[in-house]
Every structure is written in structure tokens, then in C-alpha cells.
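The values are calculated or read from the model by the stated rules, or taken from the named source; none is laboratory data. Since the model is a prediction, treat every value here as computed from it, not as a measurement. No Cβ is skipped: glycine too gets one built from the backbone with ideal geometry, and neighbour counts run over all protein chains shown. Side chains are part of the model used for accessible areas, which takes the heavy atoms of the whole protein and leaves out ligands, DNA and RNA. Shrake-Rupley method; radii C 1.70, N 1.55, O 1.52, S 1.80 Å.
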Amino acid sequence: MSFSAVVVAAGAGARAGPGEPKAWRDVGGRALVRWSVEGLLSAGAREVIVVVARDRLSDADAALEGLKGWKAVTGGKTRAESVQAGLAALTGRRDQPVLIHDAARPFVTREHVDRLLAALELADGAIPVLPVPDTLKRGEGLVEATISRESLWRAQTPQAFRIGRIKAAYRRWPTGEKPTDDASVMERAGGHVAMTPGDPLLMKLTYPQDFLMAEQLAAGRRILRVGQGIDAHRFGPGDVVWLGGIRIEHDLGLVGHSDADCGLHALTDAVLGAIGDGDIGEHFPPTDPRWKGASSDQFLTYAVGRVAAQGGRILSADLTLICERPKIGPHRQAMRERIADLLGLPVHRVSVKATTTEGMGFTGRGEGLMAQAIVSVETPL
Ligand code: MG
């Protein structure tokens, strides 16, 4: 389901100890705020509004570099004002869902988002909650009372609402009072807020020791994904073929709508496959005149951009070309270098191999040429 998101990163986070405000601190090699934005984008957010303090717009540019679909706006003096600044910047329709999230909870995933959106179907708001495991006491120095934990829950974020309803609820909130979360604003306006199972991993980083724990957890929050691509093109009249981004003189050409670079097409499909993002034909329809005779490096560059847009990173590529002719060996190193350049990888992470089919099949008979590619990618969980 299509949804928008507001990530609040404008707080000072005084309890986290001296140093940079929380959102800009490094956790596992990336700014804290980047974790949430990547998590929401890879969960399918159509737009993410990041609310930052007035002097932090350039920090947002640096921390979120390469991601697509986010915009930073400046917040207000309180969290409530910042949330409202974020809501005002949304472009989604009134009835569309918005997830409001604290940047201090870095480990949000598609699973969390899906649960909230499902619960929002039946309520005016939906929030993740956890039970209270510890016994609760009230007092100052001495215990005055023990409080029953029954029906008590800890509220986390993201919290889900319809854009129009939560904006209206904030307009009705009494000035001077400070809500501690967005659900309480919806509750005060008379809305029904559903509780969904929370997750200890949605913990809020508050104290210095929370950052140490997050650092340990961060290592397991990126996953390795692998994509495969296969392509074939028929030989036809001509005197040159494009393969692996390299021009090769030959006594035949390859037939195709674009430049028919079988190797780059297989790699493009492998990159898209690794992130579950369709295939080359879906993004570049062969019926579209724009791609007639097109240089295939732009297809691969586009696919690499799709990975980067959701916070992913390409790790390695392995391409196999299957043909009797032309001979690949003399061009192998040039192909590796060109592909490495397109993928943004060092050459040693790119492999180009060639094989024949011993005269068998369409490649053996010289009717056409085939390519297979495998690409590995690291993405948010
Ligand atoms: Mg092709």
C-alpha cells in the first residue's frame, strides 16, 4: 500500500550525553537518521519528509546522500511543532496513510510498516506497543506504591494515521500542552488508535549505552541479496558487436532494439533481480522508441541507481558470455574495467568469463550469443 512518512530528527537528545545531537551520530558507519530513512524507503514509502533543526539542512544532505524520495524541512521548538512542519510538507492525498517516526529508533523494517498499515484499515491510528516486563514503582527515594502493570503498554514509533485526520487532530490540540507522541493527539481528538505488536528492535536510543547496543545490533541489519540475469541476442548483418560495454569489430552484428549488448542486459537484470525490482523490459520497454539503438550502459546505470535509492550497495558481479565467436579473451580486461566503472566497484570485484557450448545449440551454431550474470548486493533488512 502507498504511504508517506515523516521522520522527526530535530531534537537535541540531551540525555544521550555530550557530542552531536543524536540524529547525526554514527551508528554502524551511517548517521542515525539514515537508518530510519533507508528502512522506510525500502519498506515502500513514496515520500519521506525528514524534519531537522534549522541549522541542519546541509547535514541532512550529507547524511542521506544517494537516497531518493526524501526531502528535509526545518522543524519547530517542540516535537509537536516539528511533526506539524513535516505533515505540512507531505504531497500525499488526505486519505493516504502517513507514518510518523522518531529518528532515534533506527531499526524500522517493512514488517513493522505492513503490520501498522493493516491495523490502520480498521482504526484512526495504529501504533506498535510492548508490554511492561518490569515491576513498576512510584516514589521519590522511597517506594510509595507498586503499580499494576496490567493493561499498561510502552508505545513505540512509527505511528500510522491518515494524513487528513492527524493534521486535523493537531489543529485541535490545546496550545501550551506537549504531547509525548502522536497517538495521544489522535486520542484527544476522539480517534480510535489500534495497538499492534511492537518490537524490542524498535527501541529508542536515549542514553549513551543505547548507542553502544545499537552499534552491536547494526552489524546484523544489512542483508546480502543475490540477483541473476540471462539474455540472448541473434546475430545479423553488421561489422561490430557491443559486449560488456565494449565495441568489438566482428563480421556480424547483434540484432536488438537497443545496441543489443547482451552482457550489460544480463547484468542489468541481475541488479534489478537482487532488489526484487522487475526486469529490464519493464523499465525500458522494447516498444518505446526512446531506447531504439540506445547505448545499454544507461540501463545498467539506471539499475544501479535503483539500488542506491533504497540504501543498497553493489558488492560484486560475475558475467559469463556464451558464444563461439567473437573471441572474448582479448577484450575481457576492458570489459571488466568498463563494468566496474558502471557498477561503481573496484575491478577485482568484477569477473568476466567466456565459454562455448562445444558447437551445440544456438550459440554453437553461431545463430546468436548468450550472457548470464550474477550480482550480489547489500541492502537494508
Ligand atoms: Mg537484451
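Of note:
- The set of residues in the stretch 294-325 that are touching a residue at least 40 places away in the same chain (Cβ under 8 Å) and among the basic types (K, R) comprises R313, R325.
- Check on R336, at pLDDT 95 or above and farther than 28 Å from L41 by Cα: yes
- Per the listing A23, A80, A60, A5, the residue uniquely outside any loop (DSSP other than H, G, I, E, B) and either open to solvent by 10 Å² or more (accessible area, probe 1.4 Å) or without any contact (Cβ under 8 Å) to a residue 12 or more places away in the chain (or both) is A80.
- For the residues L205, L201, L217, L212, the requirement of being open to solvent by 90 Å² or more (accessible area, probe 1.4 Å) and either not hydroxyl-bearing (S, T, Y) or not in a helix (DSSP H, G or I) (or both) singles out L212.
- R110 passes every criterion in (1) open to solvent by less than 90 Å² (accessible area, probe 1.4 Å); (2) touching a residue at least 40 places away in the same chain (Cβ under 8 Å) apart from (1).
- Inclusion of E249 among residues that are more than 11 Å from the ligand (Cβ to nearest atom), assigned by TED's automatic domain parsing to the domain that holds G69 and open to solvent by 20 Å² or more (accessible area, probe 1.4 Å) is not warranted.
- Of the listed requirements (1) within 16 Å of the ligand (Cβ to nearest atom); (2) among the charged types (D, E, K, R); (3) under 16 Å from G244 (Cβ atoms), K327 misses just one: (1).
- Screening Q216 on (1) touching a residue at least 12 places away in the same chain (Cβ under 8 Å); (2) farther than 30 Å from Q96 by Cα shows it passes everything except condition (1).
- Selection count, the stretch 257-275, where residues are outside any helix (DSSP H, G or I) and either more than 9 Å from the ligand (Cβ to nearest atom) or open to solvent by less than 10 Å² (accessible area, probe 1.4 Å) (or both): 4
- Meets criteria (in contact (Cβ under 8 Å) with a residue 12 or more places away in the chain, closer than 30 Å to G44 by Cα, open to solvent by less than 10 Å² (accessible area, probe 1.4 Å) and within 16 Å of the ligand (Cβ to nearest atom)) for L243: no
- Each residue in the stretch 338-366 was checked for being in contact with a Lys or Arg (Cβ under 6 Å, 6 or more places away or on another chain), over 20 Å from R306 (Cα atoms) and outside any helix (DSSP H, G or I), and 1 pass.
- The residue that is modelled with the lowest pLDDT, among those in the stretch 276-296 that are in a helix (DSSP H, G or I) and surrounded by 19 or more Cβ atoms within 10 Å (Cβ to Cβ), is W291.
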